1. Can you give me the % of accessible surface on segment 42-108 that is carbon or sulfur? Probe 1.4 Å, all protein chains present, nothing else counted.
2. Which of the GluC sites (Glu not before Pro) found in segment 1-99 are in a DSSP loop and have at most 10 neighbouring Cβ atoms, other than their own, within 10 Å?
3. Considering the chain as a Gaussian network with a 10 Å cut-off on Cα pairs, which listed residue, 87, 132, 32, attains the greatest mean-square fluctuation?
4. Mind checking which helices in the chain clear 15 Å along their axis (Cα) and have mean Kyte-Doolittle hydropathy of 0.5 or more, DSSP H runs only?
5. How much accessible area per residue does segment 54-154 have, in Å², with a 1.4 Å probe?
6. What do you get for trypsin sites (Lys or Arg not before Pro) in segment 1-90 restricted to DSSP loop and a cutoff of at most 10 other Cβ within 10 Å of the site's Cβ?
7. Normalised by the residues of the chain, what does the relative contact order come to in percent, with Cα pairs under 8 Å and at least six apart?
8. Over the Cα atoms of segment 1-119, what Rg and Dmax result, in angstrom?
Amino acid sequence: MRSAVGCATLLLCLLLVIDGGSGALTFASAALWTALAILLFVVLLPARVTAGEGWLASRGLLRERRVRTDCLVAVRWSDGVAQRLVLRDLDGGRVELDPRVLVANPPLWRLLDEGARTSLGRGTLLSGATALKQMSRRIDGETAHSVFKISGLR
């Protein structure tokens, strides 16, 4: 969020300085630059991810999406430039989240993993075991790296 605010503020300041330096700054252009900076902030604002026992939610600017992790149907990697983990449940809920959120927050990953294991045990998780294993390996590797770094072994 700080990065989104910083980028939007920097853009606004640069546009106002350039426009003011050229002598063309008007109220209308200042309003336009402000609207552009707000639009950049909205685009860069990351979703807030929360979880509890049996659920995971991602809250964006306009709405919250929620899935029941104990009733997952599919877990997959999304196609595209930004890698996202896509979760779908029996009720039709769908959440996309950045895997870096799970890497940075192991308790959040633990809650998702417990729910996914419950889904596997119930037989509802039809596809996605591979994606979950990849995510688990990535988080385990990052955790081990952090432990070694803190202990001075690396």
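The values are calculated or read from the model by the stated rules, or taken from the named source; none is laboratory data. Computed from a predicted structure; not experimentally measured. Using ideal geometry, Cβ is built from the backbone for each residue, glycine included, and neighbour counts are taken over all protein chains shown. Ligands, DNA and RNA are excluded from the accessible area calculation, which covers all protein heavy atoms including side chains. Shrake-Rupley method; radii C 1.70, N 1.55, O 1.52, S 1.80 Å.
1. Details: 1940 of 3930 Å².
Reported share for carbon and sulfur atoms: 49 percent.
2. Details: sites: 53, 64, 96; in loops: 53.
Within segment 1-99, the qualifying GluC sites (Glu not before Pro) (loop, at most 10 other Cβ atoms within 10 Å) are 53.
3. Most flexible of the set in this elastic network: 32.
4. Details: long enough: 2-21 (28 Å, 1.68); 27-44 (26 Å, 2.45); 106-122 (24 Å, -0.58); 129-151 (33 Å, -0.33).
Both cut-offs are met by 2-21, 27-44.
5. Details: 6220 Å² over 101 residues.
Heavy-atom SASA per residue in segment 54-154 reads 62 Å².
6. On the way: sites: 2, 48, 59, 63, 65, 66, 68, 76, 84, 88; in loops: 63, 68, 84.
Those satisfying the criteria are 63.
7. Details: 203 pairs, mean separation 27.3, N = 154.
Computed over the chain, the figure is 18 percent.
8. Reported Rg and Dmax, both Å: 19.5, 64.
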